[in-house]
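Participant: Before we start, here is the structure in question, set down as structure tokens.
Read the figures in this text as sums done on the coordinates, not as results from a lab. Given the structure is predicted, the values throughout are model-derived calculations rather than measurements. So basically every Cβ, Gly included, is an ideal-geometry build from the backbone, and we count neighbours across all protein chains shown.
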Amino acid sequence: MSLLQLSDVTLKFGGLTAVAGLSLAVEEGEVFALVGPNGAGKSTVFNLVSRFYTPASGRITFAGQDLLRLAPHDVPALGIARTFQNIELFQQSTVLQNLLVGRHRHRRTTLAEQLFHLPSVRGEEREHRHAVEEVIDFLDLQPYRDARIAGLPYGVRKVVELGRALASKPRLLLLDEPASGLSVEETQNMRWWIADIRRHMGITVMMVEHDMGLVGKVSDRVLALADGRRLAEGTPAEVQAHPAVIAAYLGTAAPSKAAGGRVA
Amino acid sequence: MRFQFKTSYEQDIRLFEDRRQAARYALLLALAVALPFLIDDYFLGEATNVLIWAIAGLGLMLLTGQAGQVSLGHSAFMALGCYACVLMMNAGVSFVLAFPLAGIVTGLAGALIAIPAMKLHGVYLAIATLALAILADDIIVLTAPWTGGVAGLYAPPIDILGVTVDRWSTPDLYWWMVLAVAVLVTLAYVNILRSATGRAFAAVRDSEISAQAMGVNVARTKTIAFGLSCAITGLGGALMGLFAGAFNNETFTFLISIQLVMMIVVGGLGFIQGAFLGAVVIAFLPQALSLATDALGRGVAIPGLEAGVFGALLIAFVLFEPTGLWGRWLKIKTWLELFPFARRDMFRRQRSYLKTERLR
Amino acid sequence: MDVLQLLVSGLANGCVYGLVALGFVLIYKATEAVNFAQGDFMMLGAFVTLAFVNPEYFGLNFWLALPLVFLVMGLFGYLVDRTVLRFVFGQSQTAIIILTIALGFVLRFAVGAIWGHEPQNLQSPLRLGDLRAGGVVLGLADVAVILVTAILTLVLWQFFQRTKLGLAMQAASQNQMAAYYMGIPVRRVQGFVWALAGIVAAVAGILYASKGAIDPNAGFIGIKAFAAAVIGGFGSLPGALAGGLIVGLIEPFAARYLPPGWSQVAPYALLIAVLLFRPHGLFAQVRAKKV
């Protein structure tokens, strides 16, 4: 059974069909990339999985569970974490506090215990902190631990958002354009991290990305979308060479140029 | 600038950063305890008043500063706390029991009201709570058989385990009682801030969408914030009513709510210290103004001057120092510590572009 | 027959609430700022008119003074946006709510300091006395208020449908970014929206002052206008007017048919009921935020 499965999902905004009868399956342990021109419905797929949008028809399951029966805030409890295309961090909090929010689904103490700061709360805080420190070490965020998000450069924020998602120890990680706006070195780091996340942490990754270089290097399977429909699916090389994909990006069939490098 | 070398996670979980900070606050507390021996009864009464405002302000601070929700209706919850406490005391419940119960009742009422209200965004919530504050007046009149309506109620004597605490005959006891409440409330506040709930508050304040994506139940978090906030403000209201000696439907008007809002903004949104500083400003501004008008030789009070100056002060703070007095102090402190190496842009406000709250 | 009387006086009050609510919604739609001082804008509008018209001040002819009033209030709205609201552009709504509440306090103080706190009567041509016919007493001022509101609504509607500026305002309110890319100077348009809100407030103030005396605390009826705006659905201009009429009608009828004490509660009870059951108002539609 696939970890995440969308079957025949359709979503409409008024008269606009954002996702049309889309089916896809993400297998446990793989890196699955969604590509496609702007407005193809890639982020919309993420928002469907996060339950921010409810499809008009179709089914979405995660590890056999029906996601459509859950509220958005219940989705992370299953082990789904995500990042956002336009970074959505908690601006006024420090990096550490942001990452600790990632631990929210693992909290055990009640409000009453917290009000009196009982030993149980202290023990829990220590555990959360330990888990978060591991993420900080993994992502080299030590210098920024106590810095407020509001003053951090874009590249660091992007990493913090990845860290916040990782802190929740998810089974499935949704990355919405992890490399957009990053420098060449930062993109390089991101690539290694994604590879490590899959290999060493055993987390399944699903990502939306425009940088075909990155997609080609880290992903096992790629699904190309256009206008909310499936164009092609396969290995990165297969998808890049697919005539329908090239046509969708360039309007007409113009082979060699689209292969490799950045598209869109 | 002092750098802290942290060696264990405990250091970030503890109440105070380091010994120095702990010592400073211990000194402050000692000073507060010794206050009755340092100043006369009139000023002690004023100080008690400041502290009561600060307690009520802490309640609103938790909601607005921490969870980012505006309430213009906290005067209604002050009224509820006050009436609940006094009615219980009149029914023979001892103050020691009636007082915390009043807080709990107000908190529960707040949470109950929050359940529908918290589905509302910024503006709607502000208006709904404003309506609540205005309704409180009418409801008190309509329930006159219990509340005394326009005639009001007299505060019964406070009796703590056989000791009578009275504003006039034992002002020092009264001060210590209010101080104890303030310390306990502050502790509870800090405890919430350093727990998962406190982080959930900040998450909801800064980005509801990503709070949800991290598993924070936004509606529930807001309801908790509202309930806790109302409980604390209710305690403040109970103390205020008891301190005043008598109160009626017009004691807790919606202007009190607005004064609370001003207080926390001027003091510093999001800082516990801000609630206390704001209370000092709110309590002493009228005095300062009357001194100023006297000095100008007018001798006659200018009607509405107080409200006008409050308004102008508030505008100035929102525009030029949105972090309030405490935020300003933190900046000054950093500047002094770094002297002469502070750079201007260290304190520059981050400009963020319009993030629509409108649903579309 | 006193149903008719209640109806007319209720509608007349409702028109004033509706116009204040309209100013409120105008600004909200275009800038996402909530002007909690809109009621005080109305009060200021009434006092500015009073200063131009009443014999104890300038004593101008009412119709001569009218354009001057509109100019002053329009300029005032524009300047409030330019000098105060500009600073908090893009900040949280909390900041804007607090700011405009404070602005209301300052306005109330300023008006009190300039024109005094005593209630005053505007020499308005709309004060027409009463019409008595067969036991029914109709305030002609009330009828005039209703007529003026109807005309103003038509003018505004035409303004939004026909003029370039009106269309620009509509565009800016629907999608700031898109409007900006289409070459609409969004910031400047926002300034004009505030100016327009100032003018609408002036009309509301004149109507209010035509029905009775005015004092610096008159701005507090703004609270009922907020209720009206919410009842009507915050993003809808016709909704705001309708909400105002509903609130205006509820008051006299509740006073007449409910036990004493309940009439003041009625509008807010309705407000809370609307928030509970139709949180986005009776006339609004909602879609999900895009992330």
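Participant: Rank the residues C:Val3, C:Val53, C:Val84 as a footprinting-exposure proxy: fewest other Cβ atoms within 10 Å of their Cβ go first.
Facilitator: Least to most surrounded, the residues fall as C:Val3, C:Val84, C:Val53.
Participant: Each residue of the stretch C:191-205 in turn: what ³J(HN,Hα) in whole Hz from Karplus with 6.51, -1.76, 1.60 and θ = phi - 60°, glycine and Pro shown as x?
Facilitator: Those phi angles translate into x, 5, 4, 5, 4, 4, 4, x, 5, 4, 4, 4, 4, 4, x Hz.
Participant: From the residues B:Phe254, A:Gly228, C:Leu11, which one has its Cα farthest along the dipole of the protein assembly as shown in the positive direction, the dipole being from +1 and -1 charges on Cβ of Lys/Arg and Asp/Glu about the Cα centre?
Facilitator: A:Gly228
Participant: Quick one: what does P(r) look like for the protein assembly as shown with 10 Å bins over all Cα pairs, in whole %?
Facilitator: Using 10 Å bins, I get a P(r) of 2, 11, 19, 22, 20, 15, 8, 3, 1, 0 for the protein assembly as shown.
Participant: Turning to a different aspect of this structure: Measure off 7 Å from each Cα along the Cα-to-Cβ vector at A:Asp220 and C:Ala113, then give the distance between these two points in nanometres to one decimal.
Facilitator: Label-label distance for A:Asp220 and C:Ala113, simple model: 7.3 nm.
Participant: Just to be sure I follow the definition: excluding the sites themselves, where is the longest run in chain C that has none of the trypsin sites (Lys or Arg not before Pro) in a DSSP loop with at most 15 other Cβ atoms within 10 Å?
Facilitator: In chain C, the maximal stretch lacking such sites is C:1-286.
Participant: To the nearest 20 debye, what is the magnitude of the charge dipole of the stretch B:65-204 about its Cα centre, counting +1 on the Cβ of each Lys and Arg and -1 on the Cβ of each Asp and Glu?
Facilitator: 500 debye
Participant: Too long at a 31 Å Cα-Cα cut-off: which of C:Lys29/C:Lys224; B:Lys222/C:Lys224; A:Lys169/B:Lys222; B:Lys6/B:Lys331; A:Lys158/A:Lys217; B:Lys119/C:Lys164?
Facilitator: B:Lys119/C:Lys164
Participant: Please check chain B for the longest run free of GluC sites (Glu not before Pro) that are loop-located per DSSP (anything but H, G, I, E, B) and have at most 13 other Cβ atoms within 10 Å.
Facilitator: B:18-249
Participant: While we're here: State, as an integer percentage, the relative contact order of chain B based on alpha-carbon contacts under 8 Å between residues 6 or more apart.
Facilitator: The value is 28 percent.
Participant: Sticking with this structure for a sec: What chymotrypsin sites (Phe, Trp or Tyr not before Pro) does the stretch B:1-85 have in DSSP loop regions with at most 14 other beta carbons within 10 Å?
Facilitator: Answer in residue order: B:Phe3, B:Phe5, B:Phe16.
Participant: Could you check which residue among B:Val181, B:Val318, B:Val265 shows the biggest mean-square fluctuation in a GNM of chain B with a 10 Å Cα cutoff?
Facilitator: B:Val318
Participant: Once amide H atoms are built 1.01 Å from N in the peptide plane, which residues 5 or more positions from A:Lys12, or in another chain, come under 5 Å H to H?
Facilitator: A:Ala18, A:Ala56
Participant: Could you tell me the center-to-center distance, by alpha carbons, between the stretch B:214-271 and the stretch B:46-74 in angstrom?
Facilitator: 5 Å
Participant: What does the extension gain come out to for B:Arg19 and B:Asp159, with contour length at 0.36 nm per residue minus their alpha carbon separation?
Facilitator: 46.6 nm
Participant: While we're here: Taking 45 Å as R0, compute the FRET efficiency from the Cβ-Cβ separation of B:Trp335 and B:Ser290 and round it to 0.05.
Facilitator: Efficiency at R0 = 45 Å is approximately 0.85.
Participant: May I pose another question? So what is Rg over Rh here for chain A, counting just Cα atoms and using Kirkwood for Rh?
Facilitator: My calculation of the ratio gives 0.99.
Participant: Suppose R0 equals 35 Å; then what is the FRET efficiency for A:Asp146 and B:Ala180 from their Cβ-Cβ distance, rounded to the nearest 0.05?
Facilitator: It comes out at approximately 0.60.
Participant: Whole angstrom only: what separates the Cα centroid of the stretch A:212-251 from the Cα centroid of the stretch C:1-69?
Facilitator: About 61 Å separates the Cα centre of the stretch A:212-251 from the one of the stretch C:1-69.
Participant: Separate question: Run the dipole for chain A about the Cα centre, Lys and Arg Cβ at +1, Asp and Glu Cβ at -1, nothing else charged, and hand back the magnitude in debye, nearest 20.
Facilitator: Magnitude of the dipole: close to 380 debye.
Participant: At a Förster radius of 51 Å, what calculated FRET efficiency corresponds to the Cβ-Cβ distance of B:Glu306 and C:Ala133, to the nearest 0.05?
Facilitator: After rounding to 0.05, the efficiency reads 0.55.
Participant: Show me the chymotrypsin sites (Phe, Trp or Tyr not before Pro) within the stretch B:107-199 that DSSP assigns to loop and that have at most 15 other Cβ atoms within 10 Å of their Cβ.
Facilitator: B:Trp168
Participant: With springs only between Cα atoms under 10 Å apart, run a GNM on chain A and tell me which of A:Gly64, A:Gly29, A:Gly14 wobbles the most.
Facilitator: A:Gly14
Participant: Taking the DSSP beta bridges in chain A as the whole, what percent of them are antiparallel, to the nearest 5?
Facilitator: Here the antiparallel bridges make up roughly 55 percent for chain A.
Participant: Further question: Short version: what are the Cα gyration tensor semi-axes of the stretch B:279-334, square root of 5 times each eigenvalue, largest first, in whole Å?
Facilitator: Its equivalent ellipsoid spans semi-axes of 27, 13, 9 Å.
Participant: Hey, rough spin-label estimate for B:Asn90 and A:Ser57, points 7 angstrom out along Cα→Cβ, what's it come to in nanometres?
Facilitator: Label-label distance for B:Asn90 and A:Ser57, simple model: 6.5 nm.
Participant: Which Cα, out of B:Pro100, C:Gly219, A:Gln240, lies furthest along the positive dipole direction of the protein assembly as shown (beta carbon charges, K/R +1, D/E -1)?
Facilitator: A:Gln240
Participant: Still on this structure, please answer the following. If you keep only loop residues by DSSP, which trypsin sites (Lys or Arg not before Pro) in the stretch A:43-115 have at most 16 other Cβ atoms within 10 Å of their Cβ?
Facilitator: Loop-located and lightly packed - A:Arg108.
Participant: Send over the per residue convex hull volume for chain C, Cα only, as a whole number of Å³.
Facilitator: It comes to 145 Å³ per residue, whole-number rounded.
Participant: Sticking with this one: If you take the Cα Rg of the stretch B:17-254 and divide it by 2.2 N^0.38 Å, with N the number of residues, what do you get?
Facilitator: Taking N as the residue count of the stretch B:17-254, the ratio is 1.05.
Participant: Could you pull out every whole DSSP H run in chain B that spans at least 18 Å of Cα extent along its own axis and averages 0.5 or higher on the Kyte-Doolittle scale?
Facilitator: Correct list, ordered by number: B:19-38, B:41-61, B:74-90, B:95-117, B:122-142, B:171-193, B:218-244, B:254-267, B:272-295, B:305-320.
Participant: Under a crude label model (7 Å from the Cα following the beta-carbon direction), how far is B:Glu10 from A:Thr110 in nanometres?
Facilitator: Simple spin-label model gives 2.8 nm for this pair.
Participant: A further question on this structure: Report Rg (one decimal) and Dmax (nearest whole number) for the stretch A:1-121, counting Cα atoms only, units Å.
Facilitator: 17.5, 56
Participant: Apply the Karplus parameterisation 6.51 cos²θ - 1.76 cosθ + 1.60, with θ equal to phi minus 60°, to every residue of the stretch C:4-10 and state each ³J(HN,Hα) to the nearest whole Hz, in sequence, with x for glycine and proline.
Facilitator: These are the phi-based 3J(HN,Hα) values: 4, 4, 4, 4, 5, 5, x Hz.
Participant: Which residues' amide hydrogens lie under 5 Å from the amide hydrogen of A:Leu231, considering only partners 5 or more residues apart or on another chain, with H built in the peptide plane?
Facilitator: A:Ala224, A:Leu225, A:Ala226
Participant: Let me ask you something else. Which ³J(HN,Hα) values, rounded to whole Hz and listed in residue order, are derived for the stretch C:241-256 from phi using the Karplus coefficients 6.51, -1.76 and 1.60 in 6.51 cos²θ - 1.76 cosθ + 1.60 with θ = phi - 60°, glycine and proline given as x?
Facilitator: Rounded to whole hertz, the list is 4, 4, x, x, 4, 4, 4, x, 6, 4, 4, x, 6, 5, 5, 7.
Participant: Mind checking which of B:Asp206, B:Asp12, B:Asp159 has the largest fluctuation in a GNM of chain B, springs on alpha carbons under 10 Å?
Facilitator: In this elastic network of chain B, the residue with the biggest mean-square fluctuation among B:Asp206, B:Asp12, B:Asp159 is B:Asp12.
Participant: Considering all alpha-carbon pairs of the stretch A:90-163, what whole percent are spaced by more than 15 angstrom?
Facilitator: Looking at the stretch A:90-163, the distances longer than 15 Å represent 55 percent of pairs.
Participant: For the charge dipole of chain A, defined by +1 on Lys and Arg C-beta atoms and -1 on Asp and Glu C-beta atoms about the Cα centroid, which residue among A:Gly213, A:Ala25, A:Gly14 has the Cα displaced farthest towards the positive pole?
Facilitator: A:Gly14
Participant: For the stretch B:17-254, with only Lys/Arg (+1) and Asp/Glu (-1) charged at the beta-carbon, what is the dipole magnitude about the Cα centre, in debye rounded to 20?
Facilitator: Rounded to the nearest 20 debye, it is 860 debye.
Participant: Quick one: which residues, 5+ away or cross-chain, put their amide H under 5 Å from the amide H of A:Leu4? H built at 1.01 Å from N.
Facilitator: A:Val26, A:Ala63
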